[in-house]
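All remarks here apply to the structure that follows.
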Amino acid sequence: MLVDFHSHTWESDGTLSPQGLCDLMHERGVRVFSITDHDTLTAYGQFELPKNLRVVTGIEINTTYSDGEVHILGYGLPLEPSPLTQVLEANRNARRARIGRIVQQLRDAGHEITLEHVHAEAKENASLGRPHVGKALVRLGIASDIEHAFRAFLRRDTTGYVPSTHITPHEAIEVISASGGVSVLAHPGRLRDYDIIGPLVEHGLQGLEVFYPTHEPMQVQYFRDRAKQYGLVMTAGSDFHDIRYHRRGVGAEVEEPDIRAFLNLVNLSS
């Protein structure tokens with residue numbers, strides 16, 4: 001079964017419009033998908049579903065924990081104002097402030113980049129992130145490509161690195177629950193410390209993104225075991241942003257029984 005519960009549009013740091021991403025899902029043969037833009041739900045209401053394609057509302061909330069980032073996915077969320085609304089605005093404000101500091105640090109180091117250059121890489125009112133800075137660095141010829149931009153300028157211990165100051169993952173789980181949604185830990189294989197899973201479960205975490213493009217088979221099995229241990233649902237996603245950097249495109253092939261519990265939880269049983 002081809003599904004994709006993790007993807008991005010130009011409403012955050014992706015490059016496709018919401019309709020463009022929806023059409024790509026349809027072309028690929030995806031049966032159920034979510035758009036999970038960073039800290040915004042604005043993609044919803046901007047696309048029409050082709051026949052036989054279903055959608056569950058989603059979001060990716062950036063959080064800060066132990067001097068690092070943890071991403072929490074939320075599903076089945078309402079589009080009208082909810083407890084989540086104020087939190088998302090606070091996160092977007094934190095994003096804008098962080099980007100301003102990154103640009104200033106790069107300028108202090110002698111690089112000719114401005115906030116205007118960064119904004120030119122994003123759709124108006126998009127949720128800004130480091131990828132927008134990376135694209136600006138590439139366009140200005142300061143970096144050769146996005147990977148080089150992150151490696152040389154935007155990661156920890158580089159000139160432009162600024163730590164994030166988002167809400168905690170525990171707070172994100174709480175507000176997703178208060179808004180009637182389902183919380184899932186995104187790409188757990190990228191965590192610095194897997195031991196965070198247990199405490200997040202105690203705080204109400206409901207799922208793990210077990211199936212993810214960079215998860216090795218041993219990681220998939222490990223997270224399968226943790227999902228079973230804690231009674232968590234499993235999800236799958238491509239984390240698609242841009243076809244230039246995600247050449248596998250959209251969609252994740254999974255066995256239907258592996259995601260049945262998730263589909264049931266969001267009232268979208270197959």
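The values are calculated or read from the model by the stated rules, or taken from the named source; none is laboratory data. Here the structure is a predicted model, which is why all the values come from computation and not from measurement. Here Cβ is always computed from backbone atoms with ideal geometry, including for glycine, and neighbour counts include all displayed protein chains. Note: accessible area is taken over every heavy atom of the protein model, side chains too, but ligands, DNA and RNA are not part of it. Shrake-Rupley method; radii C 1.70, N 1.55, O 1.52, S 1.80 Å.
Scanning region 34-56 for residues that are basic (Lys, Arg) and without any contact (Cβ under 8 Å) to a residue 60 or more places away in the chain turns up just one, Lys51.
Tyr65 - would you say it is at pLDDT below 95 and aromatic (Phe, Trp, Tyr)? So Tyr65 fits the description; yes. For region 17-33, the candidate set comprises residues that are part of a loop (DSSP other than H, G, I, E, B) and in contact (Cβ under 8 Å) with a residue 40 or more places away in the chain; within that set, the residue that is nearest to Gly237 (Cα to Cα) is Val30.
Residue count for region 34-54, restricted to those that are buried (at least 19 other Cβ atoms within 10 Å of the Cβ) and not in a loop (DSSP other than H, G, I, E, B): 1. Of the listed requirements (1) more than 26 Å from Leu41 (Cα to Cα); (2) open to solvent by 30 Å² or more (accessible area, probe 1.4 Å), Ala261 misses just one: (1). In the set (1) under 30 Å from Gln86 (Cα atoms); (2) aromatic (Phe, Trp, Tyr); (3) buried (at least 17 other Cβ atoms within 10 Å of the Cβ); (4) more than 16 Å from the chain's Cα centre (by Cα), Phe223 fails one condition alone, (1). Residues in region 226-258 that are more than 19 Å from Ser183 (Cβ to Cβ) and of a type in the set (Ser, Thr, Tyr) were compared, and the one that is surrounded by the fewest Cβ atoms within 10 Å (Cβ to Cβ) is Tyr245.
For region 32-45, filtering for residues that are of a type outside the set (A, V, I, L, M, F, W, C) and closer than 14 Å to Ser7 by Cβ leaves 6. Residues in region 12-33 that are open to solvent by less than 10 Å² (accessible area, probe 1.4 Å) and more than 11 Å from the chain's Cα centre (by Cα): Pro18, Leu21, Cys22, Met25, Val30, Val32, Phe33. Within region 55-73, the only residue that satisfies the criterion of being buried (at least 18 other Cβ atoms within 10 Å of the Cβ) and of a type in the set (Asp, Glu) is Glu60. The set of residues in region 71-98 that are touching a helix residue (DSSP H, G or I) at 6+ places or on another chain (Cβ under 6 Å) and modelled with pLDDT under 95 comprises Pro83, Leu84, Val87. Criterion applied to Tyr230, Tyr194 was being at pLDDT below 95, farther than 17 Å from Glu255 by Cα and either over 19 Å from the mean Cα position of the chain (by Cα) or not aliphatic (A, V, I, L, M) (or both), and the one residue passing it is Tyr194.
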